[in-house]
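Report on the following structure.
The values are calculated or read from the model by the stated rules, or taken from the named source; none is laboratory data. All of these numbers come straight from a predicted model, not from anything done at the bench. Every residue, glycine among them, receives a Cβ derived from its backbone with ideal geometry; neighbour counts consider all protein chains shown. The area values use the complete protein model at the heavy-atom level, side chains included, leaving out ligands, DNA and RNA. Shrake-Rupley method; radii C 1.70, N 1.55, O 1.52, S 1.80 Å.
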Amino acid sequence: MRNRLAVIVVMALSAVVFFLSQEAFAEKKVAFVDLAMVFDGYEKTKTFDVKLEESQKAKQKEIDAKVEAIKALQEKQALLSDKEKAKKQEEINAKTKELQEFQRTSETTLLKDRDERLKEILQDIQGIVEDFAKKEKYDLIFNERTLLYGDDSMDITPTVLKQLNDNYKK
C-alpha cells in the first residue's frame, strides 16, 4: 500500500514538473544548426583543405624521393663485393631510419597543423552562433545532430553559414 502511494506521488510530481517545464520551454526562442553542413560549407574550411592537401603532396614527394634514393643504393649494393656490400648496407640502414623519422615527423606536423586549423574553424563557428543568438535573442540553439526532430522553420543553418562566409571574406 505504501509503495503504491509512493509511486502515485512520484508520478504526480513528475507530471507537474513535466508540465511546468513544458510551459517554461514554450516561452523560449529555440533553433538548431547543422554544424556539419556549416563546417563543410565554410570557405575557410575549403581553403584549409586545399592547403592541407598541398602540404601532404609536398611531404609525399619528399618521401618518394627518399625511397628512390634507398632503392638506388640497394641496386648499387648488389654489384659490390662483400666488404663493400656491408658498408653500403650501413648506409641503406641509416637512410631507412632517416626516412622513417621523416615520415613520423611529417605526420605529426600535419596532424598538429590540421588540429589547430580545425580548432580555429570551430571557434569561428561558435562565435558566429553565439553572436547570432544574442542579436536575434535566441535562448537555445542546438546542434542538429542532437535532435531527433526539428521543424525546418527552426533551422538557422543557412543564415549562420552566410554570416560566417561573409565575415571570412572581409
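Table for the structure above
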{"read-out": "Complete set of residues in segment 127-145 that are free of Cβ contacts under 8 Å to residues at least 60 places away in the same chain and open to solvent by 100 Å² or more (accessible area, probe 1.4 Å)", "value": "Lys134, Lys135"}
{"read-out": "Out of Val50, Val67, Val17, sole residue that is modelled with pLDDT under 90, open to solvent by less than 100 Å² (accessible area, probe 1.4 Å), of a type in the set (A, V, I, L, M, F, W, C) and part of a helix (DSSP H, G or I)", "value": "Val17"}
{"read-out": "Those residues of segment 79-119 which are of a type in the set (D, E, K, R) and either touching a residue at least 24 places away in the same chain (Cβ under 8 Å) or not in a helix (DSSP H, G or I) (or both), in sequence order", "value": "Lys95, Glu98, Asp113, Arg114, Arg117"}
